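The block underneath contains the structure these notes are about, expressed in structure tokens.
The values are calculated or read from the model by the stated rules, or taken from the named source; none is laboratory data. Note that the structure is a prediction, hence the values are computed from the model and not measured. Heads up, the Cβs are rebuilt from the backbone with ideal geometry, glycines too, and the neighbour counts pull from every protein chain shown. The area values use the complete protein model at the heavy-atom level, side chains included, leaving out ligands, DNA and RNA. Shrake-Rupley method; radii C 1.70, N 1.55, O 1.52, S 1.80 Å.
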Amino acid sequence: MDTAIQVQMLGGFALRWGDTERILSSRSRKLCLLLAYLICQRHRPVPYEELSKVLGEKKPGTAHSLSAMKALLHRARVILEGLEAHCGQPPLLNREGICQWNPALSLTLDAEEFSRLCQAAQETPAAEAQLPFYLEALALYRGDFLPALDRDPWVVAQAGALHQSYLRAALAALPQLAAQARWQEAAQLSAAALALEPQEEELCRWQLEALLQLDRPQEAVQVYEHFHQQLLAGPGVLPSDPLRALYRKARQDQDPRSLTPDNLLDRLQEPLCTGALLCEFDAFQAICYAMARMAGRSGAPVQLLLLSLTAEAGGTLSRASLDRAMDNLQGIILNCLRRGDTVARCGADQFVLLLPQASTENSRMVGQRIRRAFTRQFPHSPAVLHSFVQPLPPNTGEE
């Protein structure tokens with residue numbers, strides 16, 4: 001009879017033996033932490049005092065702590081009764097003041113196997129021979145280490161190291177899959193990795209590349225736009241130029257049919273509306289290029305007005321306060337600007353405005369008008385609005 005025990009700690013906590021599966025993630029935090037620690041330290045006896053510290057006991061070694069530990073070990077034995085019957089040996093060995101997971105039991109731990117495969121890939125000199133190790137390791141990584149215990153210091157340290165190993169393995173495997181034109185696998189891997197690391201631009205780039213190779217531009221557009229929102233909600237930065245270039249290519253590829261003169265006008269005419277033009281930063285950048293070229297020919301001034309929100313004394317706003325203030329500010333900007341002006345959100349807490357045929361002094365007055373309107377309409381907002389004006393350098397086509 002096969003008595004091997006399969007232990008999952010990546011993406012959950014479960015024990016499997018024979019036809020039995022015991023999900024431990026739903027158990028109490030201390031019980032999960034006790035069993036997980038004993039399994040990971042199964043090659044040595046663990047003193048009660050060490051276990052108490054791992055479990056977060058404030059006074060390890062006291063009579064109360066010892067009593068609590070014995071009660072917890074009793075609960076663990078009850079849960080593992082079926083395993084003892086299957087293996088013919090007790091899974092937990094307990095001596096005076098010391099506990100140990102029975103090292104005689106045949107056990108495979110997915111986190112250890114994952115690390116072993118990553119190490120084997122790194123020690124393989126030929127790049128093409130590394131890929132099978134990486135793919136096998138990545139298939140084991142069903143999520144971060146013991147996610148139900150992600151606030152416990154011991155788990156945090158283990159989870160951080162494994163997560164970084166996963167990211168390195170994914171980024172090493174993706175170019176090798178691309179070199180072999182295995183785009184379907186590359187798309188699946190980059191999607192899984194991006195779900196775990198939603199702000200890693202290199203993963204997003206590989207997913208866009210794979211989806212474009214698979215002729216799935218609409219999905220590529222959706223991936224980019226979701227990633228863009230993740231960046232704004234997190235670090236408040238914009239995607240890089242190469243990533244935006246892939247996005248533009250994906251949007252181009254959505255409708256490959258040629259335009260006729262009639263539907264060309266339909267596609268380019270804006271519906272009737274008032275106020276400034278609100279657009280994505282990519283479009284804003286292209287408009288700036290065009291305006292800089294026009295300024296280079298005509299000499300007409302073009303100004304950029306940067307609006308930023310901070311807490312009082314330059315501090316950082318909470319996410320909820322910042323999102324609310326940015327929504328309020330957007331409405332004010334659109335009402336205060338002319339139809340010929342353009343505005344885009346360029347960060348988590350910033351808008352940039354393009355003001356053609358405006359002097360520096362006029363642009364400063366626009367900034368002051370927006371600040372006054374914001375303060376008047378939202379007097380109790382914790383956000384403080386700052387403005388900065390600078391000219392858009394004209395593009396004359398000369399060095």
Rounded to the nearest 0.05, FRET efficiency between Gln357 and Asp327 (Cβ-Cβ, R0 30 Å) equals 0.55
Mean shadow area of the range 98-187 over all directions, Cα convex hull, nm²
7.8
Theoretical gain in end-to-end length, Arg297 to Gln377 [0.36 nm per residue, Cα-Cα removed]
24.7 nm
Output for the chain (equivalent-ellipsoid semi-axes, sqrt of 5λ from the C-alpha gyration tensor, Å, descending) is 57, 29, 16
Leaving out ligands and nucleic acids, note down the accessible area per residue over the range 1-50 with a 1.4 angstrom probe, in whole Å².
45
Highest GNM mean-square fluctuation among Leu208, Leu353, Leu194, for the chain with Cα springs under 10 Å, belongs to Leu353
Report the label-to-label distance for Gln41 and Ala120 in nanometres (one decimal), using points 7 Å from each Cα along the Cα→Cβ vector.
2.9
Over the C-alpha atoms of the range 139-246, what are the Rg and the largest Cα-to-Cα span, Dmax, in Å?
14.8, 45
Straight distance only, please: which aspartates and glutamates reach the Cα of Lys249 with their own Cα at less than 20 Å, same-chain residues fewer than 8 apart left out?
Glu201, Glu202, Glu209, Asp215, Glu219, Glu225, Asp241, Glu280, Asp282
Most fluctuating residue of Gln207, Gln164, Gln130 in a GNM of the chain with Cα springs under 10 Å: which is it?
Gln164
How many nm separate the modelled label positions at Glu312 and Glu112, each set 7 Å beyond the Cα in the direction of the Cβ?
5.7
Under a crude label model (7 Å from the Cα following the beta-carbon direction), how far is Glu128 from Ala290 in nanometres?
4.9
Treat every Asp and Glu Cβ in the chain as -1 and every Lys and Arg Cβ as +1, leave all other atoms uncharged, and give the resulting dipole magnitude about the Cα centre to the nearest 20 debye.
1380
Based solely on C-alpha atoms, express the radius of gyration and the Dmax of the range 26-171 in angstrom.
17.7, 58
Could you provide, to the nearest whole Å², the per residue accessible area of the range 71-191 with probe 1.4 Å?
48
Lys53: which lysines have alpha carbons under 22 Å from its alpha carbon, excluding same-chain residues fewer than 8 sequence positions away?
Lys30, Lys70
The chain: relative contact order in percent, alpha carbon pairs under 8 Å with at least 6 residues between
12
Accessible area per residue for the range 322-399 in Å², computed with a 1.4 Å probe and the full protein assembly in place, what is it?
57
What are the aspartates and glutamates whose alpha-carbon lies under 18 Å from the alpha-carbon of Lys58, with same-chain residues fewer than 8 places away excluded?
Glu49, Glu50, Asp152
Would you be so kind as to identify all helices of the chain, as entire DSSP H runs, whose Cα atoms reach 15 Å or more along the helix's own axis and whose mean Kyte-Doolittle hydropathy is at least -0.5?
29-40, 63-79, 127-140, 153-179, 183-196, 201-213, 217-233, 281-298, 319-336
The range 262-392: translational diffusion in µm²/s, Stokes-Einstein, Kirkwood Rh over Cα pairs, 10 °C, 1.306 mPa s
101
Percent carbon-and-sulfur accessible area, the chain, ignoring ligands, DNA and RNA, probe 1.4 Å:
52
